[in-house]
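Everything below concerns the one structure shown next.
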Amino acid sequence: MSALTAFFTARADPARAGRADDGVDLTFGDPHELPLPGLVAALEAHLQPRSVDWFAYKASEEPARAAVAAALRDELGLAFEPADVAMTQGAFGAIALGLRLVADAGEEVVVPAPGWFYAPMVRVADLVPVPAPLAPETFDLDLASIERALTPRTRVVVVNSPANPTGRVYPRRQLDALAELLEDASRRLGRRIWILSDEPYRRIRFDGVGFVSPAACYPWTLVDYSYGKVLLAPGQRLGYLALSPLLPDAQREALRGAFFPTQMAVGWGFPDALMQYAVPDLEHVSIDLAELTRRRDRVLAALDGWGYRMTPPEGTFYLWGAAPGGDARGFAAALAARGVQVLPGTLFGSPGHFRVCLTATMEMLERALPAFEEVGRTLGGGAGSPAARTTSAGGEHGA
């Protein structure tokens with residue numbers, strides 16, 4: 001976590017704010033244009049108080065839960081009910097809630113590698129992170145890797161699809177195989193293993209790629225979601241945790257009853273009143289996927305032509321690739337010296353890779369491309385000698 005803290009602190013240094021030589025920031029999923037009009041309109045519509053308790057203490061508000069449940073029914077084809085939903089402060093809040101709902105101190109949580117920064121959240125919950133490497137080259141789920149990570153102390157397996165940083169979307173066949181693996185392991189170990197399905201990029205997918213949630217394949221699944229991605233507004237903290245409707249009734253009711261006391265105990269982990277009021281409107285607001293696809297295609301084509309080995313994303317707004325020369329820190333430093341900031345894969349436990357964020361404007365991306373060409377040639381990417389792209393292992397997507 002210290003590496004991320006140092007990186008983020010340096011990036012957010014007020015002394016750098018507004019400087020013309022800041023260059024092009026392709027690190028995190030921040031907006032580089034004014035907020036989506038639909039987001040602003042939704043917040044404005046609910047800002048003026050309509051009752052004396054408009055800004056009083058809020059738990060999970062029923063209109064917000066009802067809107068989420070209806071959207072989940074439409075998206076995932078499962079019979080979610082409002083009571084299955086706990087409103088949270090983004091996906092971070094949902095993950096924290098999910099871990100505390102089903103795991104006790106000292107138990108283990110299997111996390112994907114490379115993957116988002118799950119380990120610090122797991123440790124803060126007094127749990128033990130156990131990495132399970134994704135499949136080499138394809139970055140698919142590696143069932144053998146997950147099985148090796150399971151022990152008698154395992155309580156949760158994290159699945160992130162579409163995956164950050166790789167952009168992979170896991171097809172139904174992989175999720176069904178994982179469900180079978182975890183069901184067998186739960187029976188063998190004599191204790192239930194849960195899936196925490198991290199889905200903040202669920203609505204950001206390319207080329208008609210479908211989506212299946214583990215909640216449709218494995219009843220003992222908790223789904224976390226963040227609106228900050230699809231709204232491109234990570235500073236407005238809004239998300240939820242949802243229980244798979246396939247859960248046995250007794251466990252489903254027990255977890256529903258545990259939502260409020262757990263959220264209260266961890267520090268009143270509910271979204272602000274205004275964000276909850278806006279949920280029914282925000283369900284219909286989205287980042288421009290056509291423009292995002294255009295940016296993806298432009299940068300991928302350029303990097304391919306200069307010999308970079310990239311993983312074409314099926315979802316998210318990131319590009320993930322092998323760093324020329326195999327040294328992510330050296331590659332990121334060389335780009336930074338030319339005014340372009342990317343996220344080195346060392347922050348994901350993958351020192352040979354890097355991540356580019358496509359939430360930058362097309363103008364920013366065009367300004368960055370010459371630096372990629374120059375650094376790629378210098379460090380070994382080699383303009384004019386394209387390497388084979390990393391591709392998915394294939395398989396069907398969607399329901």
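The values are calculated or read from the model by the stated rules, or taken from the named source; none is laboratory data. Please read all numbers here as calculations on a predicted model, not as lab measurements. All Cβ positions, glycine included, derive from the backbone under ideal geometry; neighbour counts span all protein chains shown. With ligands, DNA and RNA removed, areas are computed over all heavy atoms of the protein, side chains included. Shrake-Rupley method; radii C 1.70, N 1.55, O 1.52, S 1.80 Å.
When F55 is tested against (1) open to solvent by 60 Å² or more (accessible area, probe 1.4 Å); (2) part of a helix (DSSP H, G or I), only condition (2) is not met. Among the conditions (1) farther than 27 Å from G267 by Cα; (2) buried (at least 18 other Cβ atoms within 10 Å of the Cβ), S60 misses just one, which is (1). V40 satisfies every condition listed in (1) over 17 Å from the mean Cα position of the chain (by Cα); (2) modelled with pLDDT of 95 or more; (3) in the same structural domain as L255 (by the TED database) except (3). Within segment 313-357, the set of residues being in contact with a strand residue (DSSP E or B) (Cβ under 9 Å, 6 or more places away or on another chain), of a type in the set (G, A, S) and part of a loop (DSSP other than H, G, I, E, B) comprises A323, G339, G349, S350, G352. Of all residues in segment 341-356, those being over 16 Å from F117 (Cβ atoms) and crowded, with 24+ Cβ neighbours inside 10 Å number 3.
Of all residues in segment 58-75, those being outside any loop (DSSP other than H, G, I, E, B) and either within 24 Å of A258 (Cα to Cα) or basic (K, R) (or both) number 12.
Yes or no, residue by residue, for (1) open to solvent by less than 30 Å² (accessible area, probe 1.4 Å); (2) not polar (S, T, N, Q):
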| position | (1), (2) |
| --- | --- |
| G235 | no, yes |
| E253 | no, yes |
| S286 | no, no |
| L300 | yes, yes |
| T311 | yes, no |
